[in-house]
Amino acid sequence: MTAPVMRGGMLGTLVDLFDDCSHGNANGFLCIEDESPIVLQLLLAVLLRMIMTVLTTSCALPAGVFVPSLFIGGCLGRAVGIWTRAIVVQNHATSDWFHASCGADPSSCVVPGVYAIVGAAAVLGGVTHMTMSLVVIMFELTGGLEYIVPCMLVVITSRWVCDVLGVPSIYDIQLDFKEYPYLNIKAEVSWDITVRDFLRYREKRLQRSLLRAAAVPLSTVTAPPVQLSSQQQLSHLSSHHVIVFWDGMTIGALEHILASYPHRWFPVVSSLTTYLFVGSVSREKAEKVLSKEHAAGDAATARQNIQLYFTTSIASAAARTAAVTVAVSSPREQKRGADAGVASPPIGRSPPAHIQQRLADVRDWSGLVHHCAVQASPDMAVNGVLIVFRALGNQHVVVVDGGRLVDMITRGDMITFLRTARADEGARGSLKRWIRHRGG
């Protein structure tokens with residue numbers, strides 16, 4: 001029943017659909033006197049083509065989106081045009097308005113080919129969300145300037161309907177389906193929520209992924225005991241899910257964190273007791289300095305116990321304390337000079353062995369810390385964080401409350417939140433209800 005429409009291929013059928021039948025039609029199945037069967041054929045062709053387009057678009061083969069969308073819109077537009085012309089012809093004799101508008105020949109008043117052009121532009125605009133470029137494409141296909149204004153109207157209308165209903169384009173759907181880390185520059189959160197609400201909502205709704213920094217609840221950042229071994233510090237760190245570097249950590253702990261977590265940036269805190277935020281260190285810099293430590297040829301056991309300091313004041317104090325006795329005068333020489341009434345100059349000598357060992361066990365990594373990390377307050381609006389990601393293109397935003405590290409929101413966190421909220425039918429209502437009752 002749909003053989004005439006589907007037989008000649010989509011491009012050939014588009015030419016027939018856009019034809020106004022004024023100069024005849026090579027195919028002939030559209031330019032006939034009794035057009036009532038054609039409407040049903042066109043609608044069935046639309047249904048079959050939609051099914052085939054859905055199957056081919058989701059596969060790995062380059063089956064195309066433009067031509068199938070133009071074909072579907074052209075068939076729908078042609079069907080509407082034929083139906084409209086039938087109504088005009090049927091009511092032409094009894095309606096003065098139709099008679100005044102169409103003149104003596106009612107069949108020339110409505111041209112189904114124009115409806116096909118407008119329908120093709122409308123469907124392709126809704127699928128791809130294109131605007132002006134689509135109007136130019138339709139002008140190149142038809143070559144008629146008189147079709148530009150109708151095409152502009154339907155393209156703007158289809159785009160407005162998609163924006164109102166929140167329907168994404170086919171390309172955004174493909175990005176979400178393949179889970180590419182792309183943040184739409186036009187995405188926004190329509191709910192009036194803060195970063196604190198976002199963190200709690202993420203903790204409640206989203207599962208932690210190794211592709212993004214994990215969440216830490218605002219109420220669970222508790223201080224560990226002051227004296228902890230390296231293994232206990234790592235256990236405490238894993239229990240809180242926020243992966244950080246801290247002053248005094250050993251190279252062994254650093255290597256364990258780098259091997260266990262694929263994050264690109266790690267926040268730095270002064271200690272696991274205070275969680276005071278210092279800055280952030282990139283994985284690339286940390287691995288580069290670690291490779292130099294390995295190249296130094298120290299014993300593996302000794303290298304594992306080397307302490308790292310990311311705060312300049314702490315590193316300098318540790319070095320100064322260890323070097324106090326590097327240039328100390330001999331007490332016997334000082335007493336001999338005092339008895340003779342001659343001041344004896346200090347005699348330089350090497351520091352004791354334990355001082356030398358302490359100097360060797362301390363590394364100043366303060367030069368690796370990036371102190372200009374973008375920070376956000378827990379009471380900041382989520383849209384503000386989204387604007388930061390869009391405008392600056394950075395990969396993470398650190399959440400700090402009174403100088404204390406609370407969390408780190410990554411670009412992947414925001415993308416996942418937007419995708420999850422859009423995919424969940426009741427996301428808006430459930431989120432609003434949850435925020436309304438979060439204090440209970």
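Any read-out appearing in this document is the output of simple, stated calculations on the displayed coordinates, not a laboratory observation. On a predicted model such as this, the values are computed, not experimentally measured, just so you know. Backbone-built Cβ (ideal geometry, glycine too); neighbour counts: all protein chains shown.
Near the amide H of Val110, within less than 5 Å, lie no amide hydrogens of residues on another chain or at least 5 residues away, with H placed in the peptide plane. Within the straight-line cut-off of under 16 Å between alpha carbons, the aspartates and glutamates reachable from Lys204 are Asp407, Asp413, Asp424, sequence neighbours fewer than 8 places apart in one chain being disregarded.
Between Gln90 and Cys109, the simple label model (points 7 Å from Cα in the Cβ direction) yields a spacing of 1.4 nm.
Which values, in whole Å and largest first, are the semi-axes of the equivalent ellipsoid of the range 3-178 obtained as the square root of 5 times each eigenvalue of the Cα gyration tensor? Working shown, then result.
On the way: eigenvalues 180, 74, 41 Å².
After scaling each eigenvalue by five and taking roots: 30, 19, 14 Å.
If R0 is 41 Å, the Cβ-Cβ spacing of Lys292 and Glu188 corresponds to a FRET efficiency of close to 0.35.
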